[in-house]
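In what follows, a structure is listed as structure tokens, so that the remarks can point back to it.
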Amino acid sequence: MSLPTLARATIDGLSEHFSQAPAETILEWALDKFRGRIGYSCSFGAEGMVLIDMLSRNRQPPTIFTIDTGRLPQQTHDLIQAVRQRYGLTIHVYVPQAAAVQELVSLRGPNSFYESVANRKECCHIRKVEPLERALRGLDAWITGLRRDQTPDRTRIRKIERDPGHGNIVKVMPLADWTWEDVWTYIRANDVPYNKLHDSGYPSIGCAPCTSAVAAGEDSRSGRWWWEREASKECGLHLTAEDGIGDRPRGENTALHEEDT
Ligand code: SF4
């Protein structure tokens with residue numbers, strides 16, 4: 001039963017029902033409910049590794065995919081390799097359209113994102129947003145590792161929502177109420193592999209040229225697009241109805257913004 005056929009009231013009820021539920025319970029429910037039609041978008045951050053570990057214990061894990069923008073740090077590629085070996089999972093890798101990247105770097109140069117917010121959003125759209133739209137095509141639900149305390153934009157996310165940016169499919173966020181400490185307690189307790197950049201002061205890890213380490217006490221995403229002091233630290237992968245996109249069908253998410261990718 002896809003969200004287009006799931007009423008908003010049903011989603012509200014599910015969200016309320018699972019508001020206090022453990023992450024594992026929500027994953028079990030979602031995998032059963034949307035069997036064969038659910039994907040997990042993993043960016044291989046700390047939250048992503050918690051979900052990989054939980055999903056690996058399920059007999060019928062979802063399709064797990066990641067978006068390789070072409071600008072990821074070596075440490076993220078190292079972790080993807082480590083996950084394949086440790087868990088034996090298939091990681092489906094989506095890459096940007098070659099023609100679009102070729103045109104972008106030919107017209108604006110390889111590092112145009114430093115020149116303006118518009119240029120940065122254009123790059124994120126080509127390298128992240130469009131590949132995600134392709135990855136979600138045909139699915140009825142997807143899982144992400146978003147947490148409420150990551151950014152001010154995420155403080156009101158619920159564990160189960162509809163996703164107006166992607167055809168109103170169901171968006172499952174089992175870690176919505178987890179703290180950064182909860183994430184690391186799980187990783188240490190279960191000896192989960194993680195991105196080595198975390199040991200160098202990177203709480204949030206995206207593309208190499210757009211991510212820096214942060215000082216103690218700084219916002220966890222302040223190292224993303226650090227040169228944009230005033231702009232939202234989002235790229236367009238996680239938009240809500242409040243972002244003004246209403247109920248667009250799949251493939252019409254033209255907002256150019258950025259996940260905890
Ligand atoms: Fe481009 Fe930077 Fe966005 Fe990566 S994070 S897609 S390099 S602008």
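Treating the beta-carbon of each Lys and Arg as +1 and of each Asp and Glu as -1, no other charges, what is the dipole magnitude of the chain about its Cα centre, to the nearest 20 debye?
It comes to approximately 580 debye.
What are the residues whose amide H is under 5 Å from the amide H of Gly39, where those residues sit 5 or more places off or on another chain and H is modelled from the backbone?
Excluding prolines and chain starts, which carry no amide H, the hits are Ala141, Trp142, Ile143.
First compute the accessible area of the range 1-158 with a 1.4 Å probe, then give the percent of it belonging to carbon and sulfur atoms.
Summing carbon and sulfur atoms, their accessible area is 48 percent of the total for the range 1-158.
Computed over the Cα atoms of the chain, what is the ratio Rg over Rh, Rh following Kirkwood?
So for the chain, dividing Rg by the Kirkwood Rh gives 0.94.
P(r) for the range 99-204: what percent of alpha-carbon pairs falls in each 5 Å bin, starting at zero?
Spelled out bin by bin, the range 99-204 gives 2, 10, 14, 15, 17, 18, 15, 7, 2, 0 percent.
Kindly report the accessible area of the chain per residue (heavy atoms of protein chains, probe 1.4 Å, no ligands, DNA or RNA), in Å².
I get 45 Å² per residue for this part.
Roughly what % of DSSP beta bridges within the chain run antiparallel, to the nearest 5?
Taking every DSSP beta bridge within the chain, about 30 percent pair in antiparallel fashion.
Sorting check: for 201-212, 160-171, which peptide has the highest mean count of neighbouring beta carbons within 10 Å, and how do the rest follow?
Put in order of decreasing packing, that is 160-171, 201-212.
For Phe18, what charge total do you get from the other residues with a beta carbon under 12 Å from its beta carbon, if Lys and Arg give +1 and Asp and Glu give -1?
-3
Which ³J(HN,Hα) values in Hz, rounded to whole numbers, follow from the phi angles of the range 57-70 under the Karplus curve 6.51 cos²θ - 1.76 cosθ + 1.60, where θ = phi - 60° and Gly and Pro get x?
Along the range 57-70, the couplings run 7, 8, 5, 10, x, x, 5, 9, 9, 9, 10, 9, 5, x Hz.
The values are calculated or read from the model by the stated rules, or taken from the named source; none is laboratory data. Nothing here was measured: the structure is a model prediction, and the numbers come from that model. Cβ coordinates were reconstructed from backbone atoms using ideal geometry, including for glycine residues, and neighbour counts include every protein chain displayed. Surface accessibility is based on the protein's heavy atoms, side chains included, excluding ligands, DNA and RNA. Shrake-Rupley method; radii C 1.70, N 1.55, O 1.52, S 1.80 Å.
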